[in-house]
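Reading through the structure tokens given below for one structure.
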Amino acid sequence: MMGDSLSLLGLSAVFGFGFAGNMTCLILCVRETVPAGRFGGALGMVMLVAWAGMGAGAYAGGLLFDAFASYALSFALAGAAGGLNLATLLALARLRHRHAHAIPA
């Protein structure tokens, strides 16, 4: 029983450090992207979407587990959502790069 508790504690610590790093990264990304006068609103919107996504993902994972008695579909959908997220970020970065290097007329 003690080994299970220590494993859970260790896993919780690793997850906590990763989560804290993720939230800090979001703050830094917003700070670098938007003007100072719009930082508060932009950060609020980013955090709203991030927390809503985490909540909806956990809820959907539970529903899928209840329906299929397996987390396989849940993990597959989470991976697909992550891939879609990365594709969106890549498209936005390319658009920003193209806009930054546009020759003014």
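The values are calculated or read from the model by the stated rules, or taken from the named source; none is laboratory data. Please read all numbers here as calculations on a predicted model, not as lab measurements. In this analysis, Cβ positions are derived from the backbone assuming ideal geometry, glycine residues included, and neighbour counts consider all displayed protein chains. These area figures cover heavy atoms from the full protein model, side chains too; ligands, DNA and RNA do not enter into them. Shrake-Rupley method; radii C 1.70, N 1.55, O 1.52, S 1.80 Å.
Brief remarks follow.
- Share of carbon and sulfur in the accessible area of the chain stands at 74%, probe radius 1.4 Å.
- Farthest positive-ward along the chain dipole, Cα basis, beta-carbon charges - from Tyr71, Gly83, Ala56: Gly83
- Take Met45: with every protein chain present and a 1.4 Å probe, its accessible area is about 110 Å².
- Expressed in units of 2.2 N^0.38 Å, where N is the residue count, the Cα radius of gyration of segment 17-73 is 1.52.
- Going through [x] 13.2, 42; [y] 18.7, 71; [z] 19.3, 57, the figure that equals Rg and Dmax of the Cα atoms in Å as computed for the structure here is [y].
- Helix 2-33 and the longest principal axis of the C-alpha atoms of the chain enclose an angle of approximately 10°.
- Helix 39-68 and the longest principal axis of the Cα set of the chain meet at an angle near 30°.
- Net charge of the neighbourhood of Thr24, taken over other residues with C-beta under 15 Å away and scored Lys/Arg +1, Asp/Glu -1, is 0.
- Placing a label point 7 Å from the Cα of Leu95 along the Cα-to-Cβ line, the residues of segment 16-43 whose backbone N sits under 17 Å from it are 30, 33-35.
- Ellipticity estimate at 222 nm from DSSP helix runs (n ≥ 4, -39,500 (n - 2.57)) divided over the chain, nearest 500: -31500 deg cm²/dmol
- Note on the chain: with charges restricted to the Cβ of Lys and Arg (+1) and Asp and Glu (-1), its dipole about the Cα centre is near 580 debye.
- Max mean-square fluctuation residue, GNM over the chain, Cα-Cα springs under 10 Å, options Leu43, Leu26, Leu11: Leu11
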